[in-house]
Amino acid sequence: MLFIRLIESPFKLSKYTTRRLLLGNSANLCSNEGTSQDTMADLGFRFRRSWTAMHRRSRELMMILKGLASTDHPILAHIIPIRRCNLSCAYCNEYDEVSKPVPLSVMLERIDRLAHLGTTIVTLSGGEPLLHPELDEIIARIRKHGIIAGMITNGYLLTADRIRRLNQAGLEHLQISIDNVTPDDVSKKSLKVLDKKLQLLSEHAEFHININSVVGGGIRNPKDALEVGRRAVELGLTSTIGIIHDSTGQLRPLSEPERDVYLRMKRMAKRSYAQLNFFQDNIAHGRANDWRCRSGARYLYVCEDGLVHYCSQQRGYPAKPLAQYTVDDIRREYLTVKGCAPRCTVACSHYTAYMDFWRDPQTILGPAESEGSPQLVQLETR
Ligand code: SF4
Ligand code: SF4
């Protein structure tokens, strides 16, 4: 998925979560909430969901404390189990139509290596991760290490049974990005197509679910984002708004109607969610952000070939095999200036950088700044 970043969830303090802890995922709207029609199975499911949410929140708190105590480990790694995708969104440069799944044994080695580096959240991304035939084993391995397990999916392959198996595997966060209400030639991640999947998630998932709607990037009807957000909240899921970056992960100022939708969505989200996404306000107004990108240190993007890159939009640096990545690499990249930072829209990297914004100015010139060094890779949109 192009811009949606699961790191958002652990950094947000959700008022909604409290209700969900007490009432379960369907707290907002489920029509038979608390009635005599509740079966023992319903109650058992709600108890499990509440317990899972409490456990998850306590681990997220530990993650924050660990991140504040030391800068020598990644907070979040995105890892690609398969680059193939069953969709072909026009703005996306993160998929192909042919790649095979990364073999399970290789994926498990990579998860073990991320654990060795002290990574606190691992998010499976793609391509479409649900196309990986052994995804549940990968999730279980992440959890075995005590790492928070997340996934970004387009949702097309979800069924009630698949959701239950994700519960069993130990998935903790899932994010779906919905781009429009009806499919068009830019994107088929559409509310009309995915609404049934959202209902299934609302009914069966024990993990946290965030629905991210988007503006920018050629999305035709910016107002669709509002409808997507409203539907997510109606189903008791959390909702966020994101801004689609261009093909290099960089800022493209929003048009007036897009900006209006962005601001209205933020107001809607604020009613149930305290958000730490100040950087997006600048992006919405076409302004540069003054921040330190800690990619390669606090945020890692591990591609299907097992190489660590700064992010999905700057593949090619440092491009070092994860198997050889060490704390020395983390320390170097933590202090390395990324020339693309001011106009970057890669949300997960911004979120991880919040942890360290107040400390450690960057002193090492990055690839775009040092003479004779390669420029950061500029990716092309398909
Ligand atoms: S669904 Fe597939 S093509 Fe669309 S943004 Fe996600 S990875 Fe890219
Ligand atoms: S600033 Fe960091 S996250 Fe953003 S595009 Fe550059 S390397 Fe990637």
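Which ³J(HN,Hα) values in Hz, rounded to whole numbers, follow from the phi angles of region 302-308 under the Karplus curve 6.51 cos²θ - 1.76 cosθ + 1.60, where θ = phi - 60° and Gly and Pro get x?
9, 7, 5, 8, x, 9, 8
Within a 10 angstrom radius of the beta carbon, how do Leu174, Leu254 rank from fewest other beta carbons to most?
Going from sparsest to densest Cβ surroundings: Leu254, Leu174.
How large is ³J(HN,Hα), in whole Hz, for each residue of region 55-66 in order, when computed from phi with the Karplus curve 6.51 cos²θ - 1.76 cosθ + 1.60 and θ = phi - 60°, using x for Gly and Pro?
Here the 3J(HN,Hα) series is 4, 4, 4, 5, 5, 5, 5, 4, 4, 5, 5, 5 Hz.
Tell me which chymotrypsin sites (Phe, Trp or Tyr not before Pro) from region 297-374 have a DSSP coil assignment and no more than 13 other beta carbons within 10 Å of their own.
Of the chymotrypsin sites (Phe, Trp or Tyr not before Pro), the ones in loops of region 297-374 whose Cβ has at most 13 other Cβ atoms within 10 Å are Phe357, Trp358.
For region 150-155, in order, what is each residue's ³J(HN,Hα) by Karplus, 6.51 cos²θ - 1.76 cosθ + 1.60 with θ = phi - 60°, in whole Hz (x at glycine and Pro)?
Working through the residues one at a time gives x, 8, 10, 9, 8, x Hz.
Around Val308, which amide H atoms from residues at least 5 apart in sequence, or from another chain, sit under 5 Å from its own amide H, with H modelled in the peptide plane?
Here the answer is Ala319, Lys320, Leu322, since their amide H atoms fall under 5 Å of that of Val308.
Using Cα pairs under 8 angstrom and six or more residues apart, how large is the relative contact order of region 79-195, in percent?
25
With 27 Å as the limit, write out which pairs from Lys189/Lys320; Lys66/Lys144; Lys100/Lys188; Lys189/Lys223 have Cα-Cα distances beyond it, or answer none.
Flagged as over cut-off: Lys189/Lys320.
What's the ranking of 138-144, 292-298, 67-73 by average number of surrounding C-beta atoms within 10 Å, highest first?
Listed from highest to lowest mean packing, they are 292-298, 138-144, 67-73.
So who's got an amide H within less than 5 Å of the one on Thr123, skipping anything under 5 residues away but keeping other chains? H placed 1.01 Å off N, in plane.
Under 5 Å from the amide H of Thr123 lie the amide H atoms of Ala77, His78, Ile79, Gly150, each far enough along the sequence or on another chain.
Taking only C-alpha pairs under 8 Å that are 6+ residues apart, what is the relative contact order of region 136-251 in percent?
For region 136-251, the relative contact order is 23 percent.
Taking Cα pairs under 8 Å and at least six residues apart, what relative contact order does region 72-382 come out at, in percent?
For region 72-382, the relative contact order is 18 percent.
Around Asn212, which amide H atoms from residues at least 5 apart in sequence, or from another chain, sit under 5 Å from its own amide H, with H modelled in the peptide plane?
Ile176, Ser177, Ile178, Thr240
Give the separation of the Cα centroids, region 291-325 to region 84-130, in Å.
Spelled out, the Cα-based centre of one part sits 13 Å from the other.
Here, each number is a calculation from the coordinates, and none is a lab measurement. Note that this is a predicted model, so its numbers are computed, not measured. Reconstructed Cβ throughout: ideal geometry from the backbone, glycine too, with neighbour counts over all protein chains shown.
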